[in-house]
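Written out below as structure tokens is the structure these notes cover.
The values are calculated or read from the model by the stated rules, or taken from the named source; none is laboratory data. Source: prediction; values computed, not measured. Cβ coordinates were reconstructed from backbone atoms using ideal geometry, including for glycine residues, and neighbour counts include every protein chain displayed. Calculation scope for accessible area: heavy atoms of the full protein, side chains included, ligands and nucleic acids excluded. Shrake-Rupley method; radii C 1.70, N 1.55, O 1.52, S 1.80 Å.
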Amino acid sequence: MEEPSQRPQPAPDDRRKKLSAWLDSIQQNSWELELLVSGFAIFLLIGALEPYYTLEHQLRLMGLETNYALLLTALYYPGMISLWMLIGSLILHVLFRGLWIAAIGLRYVSGDIDHDELKYQDRFREFLQKRIGHFDDYIERLERSCSITFSVSFVVIFAMISLASFVFLIGSVQVIIQIIQGTREDNISLIGDDIFGIICLILGLLYFIDFATVGFFKRKSWTQRWYYPIYRVAGWLTLARIYRPLYHNLIDNRFGRRLGRLLPLFIVVVLAASSLKYVRSPYFSLERGDTTSIRAEQYDDLANPKSWESLWRISVDSRYVGPDNYIEVFAPYIPKEHDPIINYKHPDLEPGRFTGIKLDGAINVGEPYNRRAKTDSLLSALSGLHKLYLNDSLIENNLWRFYHHPSRNQNGLIYHLPVHKLPIGEHQIRVERQWIVEQTDSLFWIPGREINIYR
């Protein structure tokens, strides 16, 4: 009896024939799998939209802390675009596949198209016979279109993943270079204006042109010597190995090449559609900071806490004074803007926390809290960047307190403003904030927006 390791292995040709026969049998009924996967994917992706948009708010919160959040932004927005593109292409595929099933059902009932039975005039009959052909040919074209549309859906999603991977990896290297060079964190960018950033942009542009033109540079003899290294490096950076077989099998036929050339246009159309806005009410004005308007984002009980506009704004709890005769004024702490001012005004101030990545759980690495910090000094430094006005009168006493806003999920300062002595009617609250000019390190006060309250 032969050992298992000594058993004769099938010849490569036999193995390939068996594999081809197995795949041929599967693809005959692939439409069932396509509909099943498309249907589940559409519902799952639509359900993922709201949690995904929630990540944008968290990402913008991180952006207030550090410019390193730009790296995560490079992953988030291509992912958002690809999510919408995948939903749209899968819905289009289901519609085409439904049309294909309807055509097969009609063929069972009516057979082929009987042009004699229609009794059209010769000119219309010749046109329809030439344009439509046999009904079976129409069904075959629908089948081909459905299968290619389903494949294009995943080519699109992986193309967007490739874009995110390229920007993220290049941006990571760029950030490391800028840190080594001692660049200030508030000046750090993903693609800088140095030689490295320019080279990366040129290489990425060449690779994108080749992708959008379905292999223009790969078909030219004069490009293979210099473009081949670019192609290999860009392939690693964009994770092209995952989808490259699918992409090339798509564009090796005429219809697939047409779709491949339309992919960049499809991306632009999706971006334009997502940015489409209709402006109405020509005689209506809702200017920021104007006392003639009431803006919902200025009031915590009306504002959408997930809106990115809420991250920067001063807000009050309500535009109506409650029975306790207090108005809560919240000023968000924006580390990226406030920290340079505090460091400039109080160079010896101990920070309250050691920021950065820590491990806190089963494994503890890094101390988040600074035990040498003085809370009163921290509060005085941060509250000194704000001036509170009520009806243009400066509130002299400093009663700001540290506060974590629960609905905005944001750290900042809160001021409980007593208004029991105010007369009945409309009043204005305004908070001025101190800012710094980077070039001169000079400080100045920015007039805040007027917030109307009513007692």
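On a 0 to 90° scale, report how tilted helix 70-110 is relative to the longest principal axis of the chain, with both axes built from alpha carbons and the result rounded to the nearest 10. Rounded to the nearest ten degrees, it is 40. Rg then Dmax, both in Å and based on the Cα atoms of segment 50-165: 23.4, 75.
Once a ≥ b ≥ c are taken as the square roots of the eigenvalues of the Cα gyration tensor of segment 381-425, is the result rounded (a/c under 1.5), prolate (a/b larger than b/c) or oblate (a/b not larger than b/c)? Each step should come with its number before you reach the end.
Numbers: a/c = 2.63, a/b = 1.49, b/c = 1.76.
Cα axes put segment 381-425 in the oblate bin.
Taking the Cα centre of segment 35-149 as reference, the dipole from Cβ charges on Lys and Arg (+1) and Asp and Glu (-1) amounts to some 160 debye.
Contact order, relative form, for the chain: 13 percent (alpha carbon pairs under 8 Å, 6 or more residues apart, mean separation divided by residue count). Taking the longest Cα principal axis of the chain as reference, the axis of helix 195-212 is set at about 30 degrees.
Adding -39500 (n - 2.57) for every DSSP H run of four residues or longer, then dividing by how many residues the chain holds, sets the calculated 222 nm ellipticity at -17500 deg cm²/dmol. Of the solvent-accessible surface of the chain, computed with a 1.4 Å probe over protein heavy atoms with every protein chain present, carbon and sulfur atoms account for 61 percent. The overall shape of the chain, judged from the alpha-carbon gyration tensor, is prolate: a/c is not under 1.5, and a/b is greater than b/c. Each of 209, 318, 356 was placed along the dipole of the chain (beta-carbon charges, centred on the mean Cα), and the one lying farthest toward the positive end is 209. Projected label points at residue 244 and residue 376, each 7 Å from Cα along the beta carbon direction, are separated by 6.6 nanometres.
Evaluated at q = 0.23 Å⁻¹, the base-10 log of the normalised Debye intensity for segment 218-336, with identical point scatterers placed on the Cα atoms, takes the values -1.38. Shape call for segment 217-261 from the C-alpha gyration tensor, a ≥ b ≥ c root eigenvalues: rounded (a/c under 1.5), prolate (a/b greater than b/c) or oblate? Oblate, because a/c is 1.5 or more while a/b does not exceed b/c. Positive contributions from Lys and Arg (+1) and negative ones from Asp and Glu (-1), summed over other residues with Cβ under 14 Å from the Cβ of residue 375, come out at +3. Could you let me know the centre-to-centre spacing of segment 31-64 and segment 134-165, using Cα atoms, in angstrom? Each part's Cα centre sits 21 Å from the other's.
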